[in-house]
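Chemist: Here's a structure for you.
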Amino acid sequence: MSNSPNHNSGSVVTAVSAAETSANAGDTPAATEAIRHLYVHIPFCARICPYCAFYKDLLDRSQTRRFCEAILRDLDQQCASFAIAPETIYFGGGTPTALTTAQLEFLFEGLRQKLDLSFLEEWTIEANPGSVSTRKAALLRELGVARISLGVQSWDNALLKLLGREHSAQQAEQSFRLLRAAGFSNINIDLMFGLPGQTIEQWRLTLQKTIALQPDHISAYCLTYEEDTEFFLRYARGEFCQDSDADAEFFEMTMSTLENAGYEHYEISNYARPGLSSVHNRAYWLGKDYLGIGPSAFSTVGMRRWQNVCDYRTYIDRVLSGQSPGESSENLTDEIKRTERIALSLRTCDGVPASDLKRFAQQTNEFIGFGLLRESNGNFVLTRKGKALADSVAEAFL
């Protein structure tokens, strides 16, 4: 549904191609500390968006009850291997709110029974406009969800149609107001720019409309043409094109507009009211250990990373028969950890510790000379100009 870093996979996985994939995906490492971050993947969608490359499937009501049972059984298996006392829980998708109120209650109560939630700071669930009723919103609040990530993407109905979204701009606004009325004081709105045919004026209006609603957090992503999507095929056929200069203009407008409205630009694609940045996502960017529950979800504990099978029916069958849902795993190395830490930290407002870039003194000095990096409190941080070239800068250190 969204493009958040944990979305679908439960992680941002970069620079791991050198790691060997193990056939024995069921092996899990011993954790020396409690796991503090939990991701739960709900793959069901009412409609498949043509730009989305994350694992998802059309909603099948005949399978959702067994799926929920499998999620809790998977959690049981993980609890047998790890101490899990989450500071953050993130339900992503897909569309988690596509589940019925009874199924959500079953899942959430199951988590409450199985986990120590005394450390919990932030519980997020992704939602599509129109998928949250007044009753469902009230239930989510009652069950302990504190943060909602709403997949609006655009306030322009023509662009919403192009993106294959089921909702209209009016429905998106109604959903936002419904969530506010239910008592949610921490709502993120997901937006996308660089869409086929999108004008800078359309983007300006989308930003202004979003600010007028006063969400607590805004995620603004540039469209990327991912393999195995309809948009990628259309891009390959020449029906769509990507304009890096236009994307840079969209990005610059985003930074200026949202910062002027009081939002802190704390990560390349994320803006928050002071004190309301995503605790869960920051954990990924800091390289913290996390567990992923559900089909396709990634987990990283210590020097091991693994992924669950990317098919919810196979996932259900394996878990309910007592088998591991893991499909692949890899041993991480200090070098992989280092490159991931640099790539992810560089995207944040805190930047990269200078000690991590010692071996890249020449590159660092060149980027400072070009006005792309600056030093701040012992870290190297992207400048405003550098943020537009974040991926290129990061590549020089990998």
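The values are calculated or read from the model by the stated rules, or taken from the named source; none is laboratory data. Just so it is clear, the structure is predicted and the values come from calculations on it, not from any experiment. Every residue, glycine as well, gets a Cβ built from its backbone with ideal geometry; the counts of neighbours run over all protein chains shown.
Chemist: For region 256-273, how many residues are under 16 Å from Arg204 (Cα atoms) and of a type in the set (S, T, N, Q)?
Modeler: Counting residues in region 256-273 that are under 16 Å from Arg204 (Cα atoms) and of a type in the set (S, T, N, Q) gives 3.
Chemist: Suppose the filter is in the same structural domain as Leu276 (by TED's automatic domain parsing), farther than 24 Å from Ala169 by Cα and at pLDDT 95 or above; does Glu126 pass it?
Modeler: Criteria not met by Glu126.
Chemist: Among (1) surrounded by fewer than 18 Cβ atoms within 10 Å (Cβ to Cβ); (2) outside any strand (DSSP E or B); (3) at pLDDT 95 or above; (4) not β-branched (Val, Ile, Thr), where does Ala85 come up short?
Modeler: Unmet condition: (2).
Chemist: Also: Considering only region 256-271, state which residues are buried (at least 16 other Cβ atoms within 10 Å of the Cβ) and closer than 25 Å to Ser392 by Cα.
Modeler: Thr257, Leu258, Glu264, His265, Tyr266, Glu267, Ile268, Ser269, Asn270, Tyr271
Chemist: So which residues in region 372-387 are in contact (Cβ under 8 Å) with a residue 40 or more places away in the chain and surrounded by fewer than 14 Cβ atoms within 10 Å (Cβ to Cβ), if there are any at all?
Modeler: Across region 372-387, there are no qualifying residues.
Chemist: So which residues in region 124-168 are touching a residue at least 40 places away in the same chain (Cβ under 8 Å), assigned to a helix (DSSP H, G or I) and not polar (S, T, N, Q)?
Modeler: Residues satisfying the conditions are Ala137, Ala138, Leu140, Arg141, Leu159.
Chemist: I want to confirm something. Restricting to region 41-56 and keeping residues that are out of contact with any Leu (no Cβ under 8 Å at 6 or more places or on another chain) and at pLDDT 90 or above, which single residue is surrounded by the most Cβ atoms within 10 Å (Cβ to Cβ)?
Modeler: His41
Chemist: If you don't mind, there's one more thing I want to ask. Is region 314-327 home to any residue that is basic (Lys, Arg) and modelled with pLDDT of 95 or more?
Modeler: yes
Chemist: Within region 140-157, take every residue that is over 15 Å from the mean Cα position of the chain (by Cα) and closer than 18 Å to Ile211 by Cβ and give me the one that is surrounded by the most Cβ atoms within 10 Å (Cβ to Cβ).
Modeler: Across region 140-157, the extreme among qualifying residues is Ser154.
Chemist: Please enumerate the residues belonging to region 315-332 that are surrounded by fewer than 21 Cβ atoms within 10 Å (Cβ to Cβ), of a type in the set (Ser, Thr, Tyr) and under 24 Å from the mean Cα position of the chain (by Cα).
Modeler: Listed by number, the list holds a single entry, Ser328.
Chemist: Answer yes or no as to whether Leu258 is in contact (Cβ under 8 Å) with a residue 40 or more places away in the chain and in a loop (DSSP other than H, G, I, E, B).
Modeler: So Leu258 does not fit the description; no.
Chemist: Any residue in region 255-270 that is of a type in the set (Val, Ile, Thr) and either touching a Leu at 6+ places or on another chain (Cβ under 8 Å) or in the same structural domain as Pro196 (by TED's automatic domain parsing) (or both)?
Modeler: Yes; the residues of region 255-270 include at least one that is of a type in the set (Val, Ile, Thr) and either touching a Leu at 6+ places or on another chain (Cβ under 8 Å) or in the same structural domain as Pro196 (by TED's automatic domain parsing) (or both).
Chemist: From Ile368, Ile342, which residue is of a type in the set (Val, Ile, Thr) and closer than 29 Å to Tyr90 by Cα?
Modeler: Just a single option satisfies the conditions, and that option is Ile342.
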